[in-house]
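For reference, the structure is listed below as structure tokens.
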Amino acid sequence: MASVGQGVLCRAIHAGTWSALGLVVQKVISLGSFFILARLLTPEDYGVIAIVLMVAGVLDTLSTPGFERALIQRQGSVEPYLHVFWTFNLVRSILLAALIYFAAPLIGSFFHLTDLLALSVLRCTGLLIVIQALGNLGNLFFFKELLFRNVFIRDTSGQVAFSVVAIGYALYSPTVFALFAGFLAQNIASVLAQYLLHAHRPRISLAFSRLKDLGRYGVLVMAQNIFNQVNSILETSVVGKLLGPASLGFYSRAVSIASLPSSAITSIVTKVGFPAYAKVQDAYENVMDGLVKSFDIALALMAPFTLIVLFEGNRLVEVFLGPQWLHMVGPMKVLVISFYFKGLCTLIHPLMEGVGKVETRFSFSVLQSLLLFGFLFVLVPKLGAFGAALAALGTYATLCVMFVLWGLIRLRIRLFRFLPALVSVGGATALCALVLMLFHLFGENLNTSLFLMSLTFVGVLYIAVLFLIGRARKTGPAQTLLTILRSVRSQ
């Protein structure tokens, strides 16, 4: 079993490398695009597109059984299910597109959308779902077999298409339709890449009874996905309804920036961790080793970004986005802390699903929805977007404590295995916090170039201290990163 675990670990590291590379490339392209588009479009445009994506996401999730993840988790051949699953998705997406088209005026009224162009974009939202449904389900094997080089090509193609089309259209006509056209191009490019990367070709099949074989796991994953979607849109819905599209635009961009490292890390851990845990689900030590290594990486990589946003968030927004976006700084600083907690919570999710504890995962999602709704209900009417950020912080901090208690009791997690990461990251973070405090006090008049150089110095200092502590202790995040680098080099 140990050799199997090592083989899966090597494949997971290789997959994680491609996933990390993909996320870095995509985040760089996405941020660069946002810096350009933020000076061409308005916060209200981003508020409208946030509503459009939320509507598409909610209806898509509410109507999608968890068959895809069930197929990834399932042992043996999944070929008999692919054609009927593709047909099911296509029929479902066409019905959803029709529903959105006719319900658009009611949805627009709920979110105070009165602009005719915004309503027209909302009517066309279903196209995003239909295009996704036309995709090649052969891409499921990218995840099942940890072939993340193909995922990298697929997702990067989509991101490049979004940037080119959105910026090009915004230069021609700076309206919300530039963003919508970008997302259409992203979906089309991703679908085309799927067909180029895998030989499977879908065809119509009406043997829907086969999907029953996926059984209870798929139903539970569907319920899980619904609560995930509810949790992801609660803030958007409340802020959009109570505060309007402009405030939603500020808040959604604050979320996007504050979640940069945590969303990247959790995306890698979720995509790679789930199939990896599924392969070694009967080997306790291999599962725990995967969790510890995930914790090492997440804790180490999220800390410096969190510090920099807390100390220099105002200056960063002014430099890269312009003074018109400064209203987002307050919520962004609270959100970056909340996403630190959320990132740590999310590490346990693929483990739960990979070892078959979907019921427990679902229970925690229900708890998250209840907590978030309660905090939003109390705080947003009083504090606006800042209250929404505080609601997120209260929710994820509480969940983090609950996950630790669950892990101690049910998974028999030994906390001493996580101490090296806490000591290494704690020491490096404390020193960098002191340096940032000095920069913040005495470097207010630095020009932009010197300001960015000072932040680069803090990043280099953090890495140096992290590796020095790791070298002295022979364990922790530095050693985990070196293990990954050696594995990548050997491959």
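Might you let me know whether the range 388-399 holds any residue that is surrounded by fewer than 19 Cβ atoms within 10 Å (Cβ to Cβ), hydrophobic (A, V, I, L, M, F, W, C) and either in contact with a Ser or Thr (Cβ under 8 Å, 6 or more places away or on another chain) or under 30 Å from Leu438 (Cα atoms) (or both)?
yes
Regarding the range 270-277, can at least one residue be identified that is modelled with pLDDT of 65 or more, part of a helix (DSSP H, G or I), under 12 Å from the mean Cα position of the chain (by Cα) and among the polar types (S, T, N, Q)?
yes
Within the range 29-47, take every residue that is modelled with pLDDT of 85 or more and among the β-branched types (Val, Ile, Thr) and give me the one that is farthest from Val176 (Cα to Cα).
Filtering first and then ranking leaves Ile29.
Out of everything in the range 104-118 that is outside any helix (DSSP H, G or I), surrounded by 14 or more Cβ atoms within 10 Å (Cβ to Cβ) and out of contact with any Gly (no Cβ under 7 Å at 6 or more places or on another chain), what residue ends up being modelled with the lowest pLDDT?
Leu113
Taking Thr456 and the conditions (1) touching a residue at least 12 places away in the same chain (Cβ under 8 Å); (2) out of contact with any Asp or Glu (no Cβ under 9 Å at 6 or more places or on another chain), which numbered condition does it fall short on, given that it satisfies the others?
Tallying (1) touching a residue at least 12 places away in the same chain (Cβ under 8 Å); (2) out of contact with any Asp or Glu (no Cβ under 9 Å at 6 or more places or on another chain), Thr456 fails exactly one: (1).
Of all residues in the range 19-50, count the ones that are basic (Lys, Arg) and under 15 Å from the mean Cα position of the chain (by Cα). Spell out how you get there, then give the answer.
Residues of the range 19-50 that are basic (Lys, Arg), as a first pass: 27, 39.
So of that shortlist, the ones also under 15 Å from the mean Cα position of the chain (by Cα) come out as 27.
Matching residues across the range 19-50 total 1.
Restricting the range 189-213 to residues that are closer than 26 Å to Leu37 by Cα and surrounded by 19 or more Cβ atoms within 10 Å (Cβ to Cβ), which is modelled with the highest pLDDT?
Of the residues in the range 189-213, the ones closer than 26 Å to Leu37 by Cα are 189-193.
Now restrict to residues that are surrounded by 19 or more Cβ atoms within 10 Å (Cβ to Cβ): 189-191, 193.
Working: Ala189: 93, Ser190: 90, Val191: 90, Ala193: 89.
The residue in question is Ala189.
Going residue by residue through the range 164-177, is there one that turns out to be among the polar types (S, T, N, Q), surrounded by 20 or more Cβ atoms within 10 Å (Cβ to Cβ) and assigned to a loop (DSSP other than H, G, I, E, B)?
First, pick out the residues of the range 164-177 that are among the polar types (S, T, N, Q): 173, 175.
Of the ones still in play, those that are also surrounded by 20 or more Cβ atoms within 10 Å (Cβ to Cβ) are 175.
Still in the list and also assigned to a loop (DSSP other than H, G, I, E, B): 175.
Yes, because at least one residue in the range 164-177 is among the polar types (S, T, N, Q), surrounded by 20 or more Cβ atoms within 10 Å (Cβ to Cβ) and assigned to a loop (DSSP other than H, G, I, E, B).
On the basis of being surrounded by 23 or more Cβ atoms within 10 Å (Cβ to Cβ), among the hydrophobic types (A, V, I, L, M, F, W, C) and modelled with pLDDT under 70, does Val255 make the cut? So that I can check it myself, show each step before the final result.
On the way: surrounded by 23 or more Cβ atoms within 10 Å (Cβ to Cβ): yes; among the hydrophobic types (A, V, I, L, M, F, W, C): yes; modelled with pLDDT under 70: no.
No: the conditions fail for Val255.
Would the range 302-318 turn up any residue that is at pLDDT below 80 and charged (D, E, K, R)? Steps first, answer last, please.
Going through the range 302-318, the residues at pLDDT below 80 turn out to be none.
Among the residues of the range 302-318, not one is at pLDDT below 80 and charged (D, E, K, R), which makes the answer no.
Hey, could you check the range 408-422 for residues that are part of a helix (DSSP H, G or I) and surrounded by fewer than 17 Cβ atoms within 10 Å (Cβ to Cβ) and say which is nearest to the chain's Cα centre (by Cα)?
Start the filter on the range 408-422 by keeping residues that are part of a helix (DSSP H, G or I), which leaves 408-410, 415-422.
Filter again for surrounded by fewer than 17 Cβ atoms within 10 Å (Cβ to Cβ), leaving 408-410, 415-417, 419, 422.
Values: Leu408: 26, Ile409: 28, Arg410: 27, Leu415: 27, Phe416: 29, Arg417: 27, Leu419: 26, Leu422: 24 Å.
Of everything passing the filter in the range 408-422, Leu422 is nearest to the chain's Cα centre (by Cα).
Within the range 437-447, how many residues are modelled with pLDDT under 80, surrounded by 10 or more Cβ atoms within 10 Å (Cβ to Cβ) and outside any loop (DSSP other than H, G, I, E, B)?
We begin by selecting, within the range 437-447, every residue modelled with pLDDT under 80; these are 439-447.
Filter once more, keeping what is surrounded by 10 or more Cβ atoms within 10 Å (Cβ to Cβ): 439-440, 443, 446.
Narrowing the set further to residues that are outside any loop (DSSP other than H, G, I, E, B) leaves 439-440.
Here the count works out to 2.
If I filter the range 64-103 down to residues being among the β-branched types (Val, Ile, Thr) and modelled with pLDDT under 65, which single residue comes out as farthest from the chain's Cα centre (by Cα)?
From the range 64-103, those among the β-branched types (Val, Ile, Thr) are 64, 72, 78, 84, 87, 91, 94, 100; that's our starting set.
Retained after the next criterion (residues that are modelled with pLDDT under 65): 72, 78.
Working: Ile72: 20, Val78: 27 Å.
The selected residue is Val78.
Restricting to the range 319-341, give me the number of residues that are among the hydroxyl-bearing types (Ser, Thr, Tyr) and modelled with pLDDT of 90 or more.
First pass over the range 319-341, keeping only residues among the hydroxyl-bearing types (Ser, Thr, Tyr): 338, 340.
Checking which are modelled with pLDDT of 90 or more leaves us with 338.
Going through the range 319-341 one residue at a time, the tally reaches 1.
Kindly indicate whether any position in the range 182-192 is farther than 25 Å from Leu31 by Cα and assigned to a helix (DSSP H, G or I). If you could, list the steps in order and put the result at the bottom.
Going residue by residue through the range 182-192, those that are farther than 25 Å from Leu31 by Cα are none.
No: the range 182-192 contains no residue that is farther than 25 Å from Leu31 by Cα and assigned to a helix (DSSP H, G or I).
Looking at this structure, is Phe295 more than 16 Å from the chain's Cα centre (by Cα), assigned to a helix (DSSP H, G or I) and either modelled with pLDDT of 80 or more or buried (at least 19 other Cβ atoms within 10 Å of the Cβ) (or both)? Reasoning before the result, please.
On the way: more than 16 Å from the chain's Cα centre (by Cα): yes; assigned to a helix (DSSP H, G or I): yes; either modelled with pLDDT of 80 or more or buried (at least 19 other Cβ atoms within 10 Å of the Cβ) (or both): yes.
Here the answer is yes, as Phe295 does meet what is asked.
Just to be sure, is Ala2 among the small types (Gly, Ala, Ser), modelled with pLDDT of 80 or more and on the phi < 0 side of the Ramachandran plot? Steps first, answer last, please.
Details: among the small types (Gly, Ala, Ser): yes; modelled with pLDDT of 80 or more: no; on the phi < 0 side of the Ramachandran plot: yes.
No; evaluated as a whole, the condition is false for this residue.
The values are calculated or read from the model by the stated rules, or taken from the named source; none is laboratory data. Please read these numbers as outputs of a predicted model, since none were measured by experiment. Heads up, the Cβs are rebuilt from the backbone with ideal geometry, glycines too, and the neighbour counts pull from every protein chain shown.
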